[in-house]
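Since every read-out is calculated from the coordinates, none of them should be taken as a lab result. Since the model is a prediction, treat every value here as computed from it, not as a measurement. Using ideal geometry, Cβ is built from the backbone for each residue, glycine included, and neighbour counts are taken over all protein chains shown.
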Amino acid sequence: MDRRETAALLAYIGRLDPRTIRTDQGEARDQLAQWHELLGDVPMATPHGWDARVAARQHIRTSPYQILPADIARPWESYRRDRLARHSDPTPSADPDDQAAWTAELIGTRRAVAAGTAQPAQARAITSGRGGIDPRLEARLREIGSCIPPAARAALAPYRPARAAREAAVALGQPDALSVRCEWCLAQPGEPCRRRRVGPDDGVRATTPRATPHPGRLGLAAAQQAQQNEQAQQPAMA
């Protein structure tokens, strides 16, 4: 703020707290010089939520101590930090090969956000906990059937044998064995079954993932699927 704005702020504070009023001309001049020196880089107000008068009124309303320049500067610094914490740098419009212009645009955007002259740019999320999937993404998923294109899925199959076997079984209408816990190798739901490597002393030395689940796990998954189908049919029959 310039000297006129600083003087206006002091006049506003004086109306709320007469203790800050200086009747001597020299003292008033020194007070104005001190406040302007300490608050010269703090704006009086910004288009996006900051107002030095609001900060002053809040301090006078809640604190029994006479207001100081720091009581305006501290809320301003908190305001700046909060805005920068909510800001995600957007891609500059400058040529990426022009490093100086690219950096200058990034710095300029951050300074504008910190100064309160521009709103923080927040990264858009693909999904939202409350709003669900973005409609455009949902339409795209319906079009292709999966977030992984079929060609990429086929190329990944040799490197994910357990996942490929699971997807193939589900596609054929068979029970999803990985949806239940394996009672043999104790693999948790979602994890592939593991093959035990036994040493000469009959002790288990290591385990390796199996491409196919244990038969007992398949039977357990089939029984669970049959139970779910039966429960789903009961309301319809009733």
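Below are the figures for this structure:
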quantity: Extension gain (nm, one decimal) between Arg3 and Ser179, 0.36 nm per residue minus Cα-Cα; calculated: 56.3 nm
quantity: Local net charge near Ala114, Cβ-Cβ under 13 Å (Lys/Arg +1, Asp/Glu -1); calculated: +2
quantity: Local electrostatic count, Thr212, Cβ distance below 11 Å [Lys/Arg +1, Asp/Glu -1]; calculated: +4
quantity: Rough spin-label spacing in nm, given labels placed 7 Å along Cα→Cβ, for Gln188 and Ala94; calculated: 4.8
quantity: Summed side-chain charge close to His48 - residues other than His48 whose Cβ falls under 12 Å, Lys, Arg +1, Asp, Glu -1; calculated: +1
quantity: In nm, spacing of pseudo-spin labels at Ala112 and Gln58 (7 Å Cα→C-beta vector); calculated: 2.6
